[in-house]
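For reference, the structure is listed below as C-alpha cells.
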Amino acid sequence: MALMITDECINCDVCEPECPNDAIYQGEFIYEIDPGKCTECVGHFDVPQCIEVCPVDCIPVDPQHIESKSALLTKYRALQET
C-alpha cells in the first residue's frame with residue numbers, strides 16, 4: 001500500500017527528507033509520493049516516517065495502490081539493488 005499526500009498538505013517540508021526511499025517530491029502545488037518508490041518504510045522503519053512527522057495528518061493509504069507487507073518488502077529489496 002503506497003501512501004499519498006492529500007490537498008490538505010501545507011508544504012511544510014518536513015516529510016520529504018524523512019523518506020528513506022526518496023519517494024516524496026515537490027509537486028506542482030503540494031508534495032507528492034511516487035507509488036513506485038513508496039514502501040511505507042517497510043525495510044527501514046516500523047512505521048511510515050512521513051506520517052510520523054506530518055503536522056496536518058494528510059498522508060493516508062493510496063486506495064489505488066494497495067500492496068501487502070510482503071509486496072512492500074519485495075519492492076524495498078528491489079529499490080536497494082538500484
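Here are a few things to note about the model shown:
- Surrounding net charge for Ser68, when Lys and Arg each add one and Asp and Glu each subtract one, Cβ distance under 12 Å: 0
- Extreme residue, positive dipole direction of the chain, given options Val14, His65, Gly43 (C-beta unit charges): Gly43
- One decimal place: the segment Leu73-Ile30 gains 12.8 nm when fully extended, by the rule 0.36 nm per residue minus the C-alpha distance.
- Maximal additional length on extending the Asp22-Asp62 stretch stands at 12.7 nm, based on 0.36 nm per residue less the C-alpha distance.
- With protein chains left intact and a 1.4 Å probe, residues in the chain average 61 Å² of accessible area per residue.
- Zero-based 5 Å bins, Cα pair distances in the chain, whole percents: 3, 17, 30, 27, 15, 7, 1
- Measuring nothing but protein heavy atoms, the accessible surface of the chain at 1.4 Å probe radius is 51 percent carbon and sulfur.
- Cα-centred dipole magnitude for region 1-73, charges only on beta-carbon of K, R (+1) and D, E (-1), debye, nearest 20: 260
- Between 0 and 90 degrees, the angle of helix 69-81 with respect to the longest Cα principal axis of the chain falls at about 90 degrees.
The values are calculated or read from the model by the stated rules, or taken from the named source; none is laboratory data. The model shown is predicted, which means the values in this text are computed figures rather than measured ones. Glycine also receives a Cβ, built like all others from the backbone with ideal geometry; neighbour counts cover every protein chain displayed. The area values use the complete protein model at the heavy-atom level, side chains included, leaving out ligands, DNA and RNA. Shrake-Rupley method; radii C 1.70, N 1.55, O 1.52, S 1.80 Å.
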